[in-house]
Amino acid sequence: AQTYLRLAEIERRQGHYEQALTTLKKAKALASDSLEIGFNEALIDDSLGHYDEAAQALQTLVKQTNHPDGQYADAEKNNRSIFLDRLANVYREQNKTEQAIQTYQLMIAMGGDYAERGYQGQVDAYRDAKQYEKATQVAQQAAAAMPKNKTIQLMLAGQLADTTKAEEGIKLAKAQLKGNASDREVHLALAQMYTRLRRWKEAADEIDAAERASAEIGRAHV
């Protein structure tokens, strides 16, 4: 099975997707419960535009890695998050926004960095579907659930700035500044917000501030 899997990986990298899929089916016949084989099969189906087949393969992986008690080892969490994220992306490719949202919800339930990625995925999915009000609602829920997470707070700030609450968004972003080298991420977020608002001078100032923060990071590592 492992030999067939490696052959399929080579064929996939060469762009021989149909051939790779045929090779993977041989591997699957020998190890039907292999997560790695199932995931590679989903990747190839996705590349071929076989979205239903890719979704089905990923749904199987999600079921295989589900623990009813919600308790996972770190490696299990990592694998499950990869499967969920890929499944949500397939749903987004199919414009199945609600299925994508539900899939990201399973990532959020795992907490920590996975929750951050799940919330971001939900916001992006709603933005893809031009459902901006729902995107803002999710960003607000995320910010309330993770009040100390800078990335999440900046996500909400950007969403507010893109709607009708630009000043509120800018204020929230500036509240994340700590006066140290870690401010680089905040300055870049503010630069993007000002750029989308066509406030060029302020955008340029934030880019300059981000460069200064980068320099501080460089000096700290010397």
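The values are calculated or read from the model by the stated rules, or taken from the named source; none is laboratory data. The shown structure was predicted, so the numbers you read here are calculated from the model rather than taken from an experiment. Cβ: placed from backbone, ideal geometry, glycine included. Neighbour counts: every protein chain shown. Accessible surface is based on the protein model in full, side chains and every heavy atom, while ligands, DNA and RNA are left aside. Shrake-Rupley method; radii C 1.70, N 1.55, O 1.52, S 1.80 Å.
Could you tell me whether segment 185-204 includes any residue that is within 17 Å of residue 123 (Cβ to Cβ), of a type outside the set (Asp, Glu), out of contact with any helix residue (DSSP H, G or I) (no Cβ under 6 Å at 6 or more places or on another chain) and open to solvent by 70 Å² or more (accessible area, probe 1.4 Å)? Within segment 185-204, one or more residues are within 17 Å of residue 123 (Cβ to Cβ), of a type outside the set (Asp, Glu), out of contact with any helix residue (DSSP H, G or I) (no Cβ under 6 Å at 6 or more places or on another chain) and open to solvent by 70 Å² or more (accessible area, probe 1.4 Å). Taking first residues from segment 62-82 that are surrounded by 14 or more Cβ atoms within 10 Å (Cβ to Cβ) and partners that are aliphatic (A, V, I, L, M) and not in a helix (DSSP H, G or I), the Cβ contacts under 8 Å between residues at least 6 apart in sequence or on separate chains come to 72/110; 77/110; 80/110; 81/110.
A residue that is open to solvent by 70 Å² or more (accessible area, probe 1.4 Å), hydrophobic (A, V, I, L, M, F, W, C) and without any contact (Cβ under 8 Å) to a residue 12 or more places away in the chain occurs somewhere in segment 3-17. Residues that are open to solvent by less than 40 Å² (accessible area, probe 1.4 Å) and of a type in the set (A, V, I, L, M) were ranked within segment 173-184; the one that is farthest from residue 150 (Cα to Cα) is 181. The residue that is farthest from residue 71 (Cα to Cα), among those in segment 115-162 that are open to solvent by 40 Å² or more (accessible area, probe 1.4 Å) and of a type in the set (Ser, Thr, Tyr), is 132.
Among all residues of segment 141-150, there is none that is in contact with a helix residue (DSSP H, G or I) (Cβ under 6 Å, 6 or more places away or on another chain) and closer than 26 Å to residue 52 by Cα.
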